[in-house]
Amino acid sequence: MPPARPGRWEPGCQRILLPSEVIKHGLIDEHQVVVRPVLLGGGEKLFPDAKERLDLQLIDSQTFDARTVLLRHRSASR
């Protein structure tokens, strides 16, 4: 990926590090994930500490370009 340009948000290859306890106790109202698919092989889990399944409901999606999508979810149990 080319270097970020000043004044422009550039998504990077990052994963979200949230304590699983915060998610497990339902303290998060909305999950937002920016996806820019790239095939690398192997890969890492987005939430490596997750021990339990959390069903999510898609509430919105926004496409930024031909490759980048923002996905907004909330817990399906709410």
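The values are calculated or read from the model by the stated rules, or taken from the named source; none is laboratory data. The structure presented is a predicted model; accordingly, all values stated were derived computationally and were not measured. In this analysis, Cβ positions are derived from the backbone assuming ideal geometry, glycine residues included, and neighbour counts consider all displayed protein chains.
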Filtered residues of region 49-63 (kept if assigned to a loop (DSSP other than H, G, I, E, B) and either in contact (Cβ under 8 Å) with a residue 12 or more places away in the chain or on the phi > 0 side of the Ramachandran plot (or both)): Asp49, Ala50, Lys51, Glu52, Leu54, Asp55
Working only within region 1-39, note down all residues that are exposed (fewer than 10 other Cβ atoms within 10 Å of the Cβ), under 19 Å from Thr68 (Cα atoms) and modelled with pLDDT of 75 or more. Pro37, Val38, Leu39
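Could you grab me the full set of residues in region 30-48 that are among the hydrophobic types (A, V, I, L, M, F, W, C) and free of Cβ contacts under 8 Å to residues at least 12 places away in the same chain?
Of everything in region 30-48, those that are among the hydrophobic types (A, V, I, L, M, F, W, C) and free of Cβ contacts under 8 Å to residues at least 12 places away in the same chain turn out to be Leu39, Leu40.
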